[in-house]
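Note sheet for the following structure.
The values are calculated or read from the model by the stated rules, or taken from the named source; none is laboratory data. Please read all numbers here as calculations on a predicted model, not as lab measurements. Here the Cβ is made from the backbone with ideal geometry for all residues, glycine too, and neighbour counts use every protein chain on show. Just so you know, the surface numbers come from the protein's heavy atoms only, side chains and all, with ligands and any DNA or RNA stripped out. Shrake-Rupley method; radii C 1.70, N 1.55, O 1.52, S 1.80 Å.
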Amino acid sequence: MKVAVLGAGAGGAASVAELVQAGHDVHFWARSAETLEPHIKLGGVAYEGKLGEGVARPALITTDLKAAIDGVDVAVIVLPTFSHSAIASALAGAGWSSSKPVVLNPGHTGGALEFAETFSRTGRAAPPVVEFSTLTYVARKYRPDGVTVSGRAKQLKAAALKGGSEVLEIAGKLYPGLTPVADVIASDLSNVNMVLHPPAAVLAAAWVEATGGNFTFYVDAMTPGVARVMKQLDDERLAVAKAFGHDLPNLVEEMKLLGTVEADVVDTSDFRAAIAGGEANKRIKGPDSLEYRYYKEDFGHGLLPFLEFAKIAGVETPVAHSLYSLAQIAVGTDYRKGGRTAEAMGIAGMSRDQVIQKVRAQ
């Protein structure tokens, strides 16, 4: 398959490595020439870890979006979720066909809805959008031309906005291990980072600023108090999901499916032990500042759309509201400005049943 991978961070680099290994014809794009320059010099992406070791050499490495999407069958967007609206506009402007699928790896919470809404505001019909609940990889770029992959999801929740099973099949050929779910609300609310990051991001904010992130986020910051807050936030997520007709696993069960909690964990109610004991995440350091993506991404594009869904469903979410409000104050920002609001997702003023109808229409 001919694939455009859009994004040159750790997730994009890991995607290039996996897709090239699998024999796909890959175009590798990023907006930043500075980011791509080391890959151009190397002729590809150096990789190590769960995907093996070597250099993946895509057919094209470019900052030219039109060149990157020329003749490809599918575009895979591996960018921070706050970039989804901008890349939707850019793809529409570059002539992306409304009949060719786009894969958001990941879509996180509300990604497919926001992407489709932004694309359609250009006056063109939105393409089918496949949304993954979380990124396929636990990965970091420790060198400018390469990626270290410490984990690869065993199962990934995925849903399509338009296109149905046909486009999910295409996504599954690119990323084996997809688990289709009923609609993008189910994949939205299976976003583990929305629950996993905000409690410690807020409660360890002083530690972040004092140490510059010199602590392990999933071990040192996974204290009993943080775990209790996380459990309550997860209960709110499950309640909102249920209001939309979905019975979802709890956070630890979801992480077991992904492989970021060990498969032999029996007590899935003990968030602290299960999460701190996960091999894929245990060495990951904390955020180095309040500008880190846990603050930039998981509130305005995680908790905010979650709160919008909860409001539509009529479900009370006091813990989510508290964490969201405290983060805004601590970071000194208004997450609604440029955030994933109901308006941005194209669901403002809708009832719960209207939202369900929208996401299940094919």
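Checking the structure you have, find out if any residue of the range 194-201 is small (Gly, Ala, Ser), touching a strand residue (DSSP E or B) at 6+ places or on another chain (Cβ under 7 Å) and either crowded, with 23+ Cβ neighbours inside 10 Å or modelled with pLDDT of 95 or more (or both).
No: the range 194-201 contains no residue that is small (Gly, Ala, Ser), touching a strand residue (DSSP E or B) at 6+ places or on another chain (Cβ under 7 Å) and either crowded, with 23+ Cβ neighbours inside 10 Å or modelled with pLDDT of 95 or more (or both).
Pairs please, first residue from the range 310-321 and open to solvent by 20 Å² or more (accessible area, probe 1.4 Å), second anywhere and aromatic (Phe, Trp, Tyr), Cβ atoms under 8 Å, 6+ apart in sequence or on different chains.
As it stands, the answer is Ala313/Phe244, since those pairs meet every condition given.
Which of the numbered conditions does Ser97 fail, given that it passes all the others? Conditions: (1) polar (S, T, N, Q); (2) farther than 29 Å from Tyr295 by Cα; (3) open to solvent by less than 10 Å² (accessible area, probe 1.4 Å).
(3)
Tally time: how many residues in the range 236-276 are part of a loop (DSSP other than H, G, I, E, B) and more than 21 Å from Val319 (Cα to Cα)?
Residues meeting the conditions: 10.
For Val195, state whether it is assigned to a helix (DSSP H, G or I), in contact (Cβ under 8 Å) with a residue 12 or more places away in the chain and in contact with an Asp or Glu (Cβ under 9 Å, 6 or more places away or on another chain). Give the steps one after another, and end with the answer.
Details: assigned to a helix (DSSP H, G or I): yes; in contact (Cβ under 8 Å) with a residue 12 or more places away in the chain: yes; in contact with an Asp or Glu (Cβ under 9 Å, 6 or more places away or on another chain): yes.
When the stated conditions are applied, Val195 passes them.
Is it true that Ala227 is among the small types (Gly, Ala, Ser), surrounded by 22 or more Cβ atoms within 10 Å (Cβ to Cβ), touching a helix residue (DSSP H, G or I) at 6+ places or on another chain (Cβ under 9 Å) and in contact (Cβ under 8 Å) with a residue 24 or more places away in the chain?
The answer is no for Ala227.
Please specify each residue of the range 122-181 satisfying the condition of being open to solvent by 40 Å² or more (accessible area, probe 1.4 Å), without any contact (Cβ under 8 Å) to a residue 60 or more places away in the chain and part of a loop (DSSP other than H, G, I, E, B).
Thr122, Gly123, Arg124, Ala125, Pro176
What number of residues in the range 198-232 are in contact with an Asp or Glu (Cβ under 8 Å, 6 or more places away or on another chain), of a type in the set (A, V, I, L, M) and within 20 Å of His301 (Cα to Cα)?
Final tally of qualifying residues: 1.
Kindly indicate whether any position in the range 80-92 is more than 26 Å from Thr109 (Cβ to Cβ) and open to solvent by 50 Å² or more (accessible area, probe 1.4 Å).
Just the residues of the range 80-92 that are more than 26 Å from Thr109 (Cβ to Cβ), to begin with: none.
No, every residue in the range 80-92 fails to be more than 26 Å from Thr109 (Cβ to Cβ) and open to solvent by 50 Å² or more (accessible area, probe 1.4 Å).
Being part of a strand (DSSP E or B) and either free of Cβ contacts under 8 Å to residues at least 12 places away in the same chain or open to solvent by 10 Å² or more (accessible area, probe 1.4 Å) (or both), is that true of even one residue in the range 2-25?
yes
How many residues does the range 281-293 hold that are surrounded by fewer than 23 Cβ atoms within 10 Å (Cβ to Cβ) and either within 17 Å of the chain's Cα centre (by Cα) or closer than 16 Å to Phe82 by Cβ (or both)?
Adding up the residues that qualify gives 5.
In the range 200-231, what count of residues is obtained for those that are in a helix (DSSP H, G or I) and farther than 16 Å from Ala274 by Cα? Let's see the steps before the verdict.
First, pick out the residues of the range 200-231 that are in a helix (DSSP H, G or I): 200-203, 205-211, 224-231.
Now restrict to residues that are farther than 16 Å from Ala274 by Cα: 201-203, 205-211.
Here the count works out to 10.
If I filter the range 258-280 down to residues being open to solvent by 40 Å² or more (accessible area, probe 1.4 Å) and under 19 Å from Arg152 (Cβ atoms), which single residue comes out as farthest from the chain's Cα centre (by Cα)?
Of everything passing the filter in the range 258-280, Asp264 is farthest from the chain's Cα centre (by Cα).
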